[in-house]
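> Got a structure for you, written out below as structure tokens; questions coming shortly.
Readers should treat all values here as calculations from the given coordinates under stated rules, not as data from a laboratory. These figures come from a predicted structure and were not determined experimentally. With ideal geometry, Cβ positions are generated from the backbone for all residues, glycine too; neighbour counts draw on all protein chains shown.
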There are 2 protein chains.
Amino acid sequence: MGTETQTAGRPRAFDEETVLDRAAEVFWRHGYEGASLSALTGAMGINRPSLYSTFGSKEQLFRRAFDRYHETQVAKARAAMEQPTAYAAIEAFLRSSADGLTADDHPAGCLSVQGGLACSPENARISEVLAAGRAATESALVERLSRAAREGDLPDGVEARSLARFVMALSEGHAVHAAAGASREELQASVDVALRAVLPR
Amino acid sequence: MGTETQTAGRPRAFDEETVLDRAAEVFWRHGYEGASLSALTGAMGINRPSLYSTFGSKEQLFRRAFDRYHETQVAKARAAMEQPTAYAAIEAFLRSSADGLTADDHPAGCLSVQGGLACSPENARISEVLAAGRAATESALVERLSRAAREGDLPDGVEARSLARFVMALSEGHAVHAAAGASREELQASVDVALRAVLPR
DNA sequence: CACGATTTGTACCGAGCGGTAGGCTTGGCC
DNA sequence: GGCCAAGCCTACCGCTCGGTACAAATCGTG
């Protein structure tokens, strides 16, 4: 980060990262295919040629916007998982996820899910990008829980991979619920139930 | 079901319900907005004017196709929940859901989720239809688990509504995973973990 | 076997899509 | 202050979208 070195020529009238965040919001709310160029440029406050000269294409714009979104998501996930025990790590992950899904400074739900689970054949790459992002988050979970397994910190008979998949699936299901208007409290109550699965028996 | 009473005029060359199922598959694979009229008519084996004279519009076609899909889903869910205990009902629900999400006689995942979580503003109704369908399934779960609560069949400190939301969210998360290629076994392993939450303590 | 009713197929419509050409504007630099 | 690189903006491109007009084809019925 930091200011770009200014070269000759007319300077940009917009900040690239600010504008990417605005684009992410539109993709988030309407999905990749439902986000028209007019909606995007309108929300970004720039016009079409600026968008194309800066980002190249709608798909590349999406990738840039999603990368930014995804990096902060993974960072939040990793931070949550720094808790000392597997139980606390999972609880922190699920609680912060539920909060994020229902925060009011951005659209409800999760860009990785709303962006485009199913697309027309020519946009199939978009679904793959999103799936790869979700898989990366799940990998971070697997990593953390594998460590827990080595430390004897998992309940008997529970594998790290299955537990990670369970946690991730629940969080994605909460994203679906949040997109349909579920409240923070409703999701947290579901987390309460889920955590029972992580207690030793 | 049963043959329509034949009236005067040229008879239809296709069966309405067969053709609806084909349409559902296309919506399922590509989402509402990703399913073009050409893809739909191609898969349905009929041409555009036949589609419009029979179903009226793309949106009405989707509603008819989704209704059919949703009815069978709810029927399967209710059948699974006829098990005598809450635990068995939830297990049957989640296992049959995981099987359905990865069956190979139709696209992976769930039409209620892939159809269009996020749409362009003019198709916002589609997201609402899908959300209403998912809510109906969740209501069936709430109903069954409320009965369990009255029968003292729920673990202490677990509410029917929260438990239903948890089960439904997990199933929707599995749909997201399945759409990205998760296998039946991977989902079932996640169910194994989830069921621990339903055991008494 | 002609008539009216209904479906089918071809060929088309306006609108909006993602993407671009080219002239105007704004700055750094000598 | 004149030159020129880079960004901005209006207006446009071809294409595909969802949706339709119209005529040929196919049935029950008199």
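> Taking only Cα atoms, what is the 0 to 90° angle, nearest 10, from helix A:86-101's long axis to the longest principal axis of chain A?
40
> Give the angle, between 0 and 90 degrees and rounded to the nearest 10, that separates the Cα long axis of helix A:184-195 from the longest principal axis of the Cα atoms of chain A.
With rounding to tens, the tilt is 40 degrees.
> Average partner chain C-beta neighbours within 10 Å, per residue of A:32-40?
The shielding value for this peptide is 4.
> Continuing with this model, one more query. Given a Förster radius of 22 Å and the C-beta distance between A:Ala135 and B:Arg184 as r, what FRET efficiency does 1/(1 + (r/R0)^6) yield to the nearest 0.05?
E(calc), rounded to 0.05, equals 0.75.
> Between B:Ala124 and the same site in the other copies, what are the distances in nm, shortest first, taking label points 7 Å from Cα along the C-beta direction?
3.3
> Distance from the Cα centre of segment B:56-124 to that of segment A:91-162, in angstrom?
One Cα centre to the other: 22 Å.
> Rounded to the nearest 0.05, what FRET efficiency do A:Ser38 and A:Arg12 give with R0 = 22 Å and r taken as the Cβ-Cβ distance? Could you check?
Calculated value: 0.55.
> Output, in nm with one decimal and in ascending order, the distances from the B:Tyr52 label point to the matching label points of the other copies (7 Å from Cα along Cα-to-Cβ).
Ordered by distance, the counterparts are at 3.1 nm.
> Are there trypsin sites (Lys or Arg not before Pro) in segment A:46-135 that DSSP marks as loop and that have at most 10 other Cβ atoms within 10 Å, and which are they?
Counting only loop positions with at most 10 other Cβ atoms within 10 Å, none of the trypsin sites (Lys or Arg not before Pro) in segment A:46-135 qualifies.
> Taking segment B:105-200, which GluC sites (Glu not before Pro) meet the DSSP loop condition and have no more than 13 other C-beta atoms within 10 Å?
Taking segment B:105-200 and a limit of 13 other Cβ atoms within 10 Å, the loop GluC sites (Glu not before Pro) found are B:Glu151.
> Ordered by residue, what ³J(HN,Hα) values in Hz, to whole numbers, does segment B:12-29 give under the Karplus form 6.51 cos²θ - 1.76 cosθ + 1.60, where θ = phi - 60° and Gly and Pro are x?
Ordered by residue, 3J(HN,Hα) equals 5, 9, 9, 9, 4, 6, 4, 5, 5, 5, 5, 5, 4, 4, 5, 4, 4, 6 Hz.
> Another question, then. Within a 10 angstrom radius of each residue's Cβ in A:157-168, how many Cβ atoms of other chains show up on average? Whole number is fine.
5
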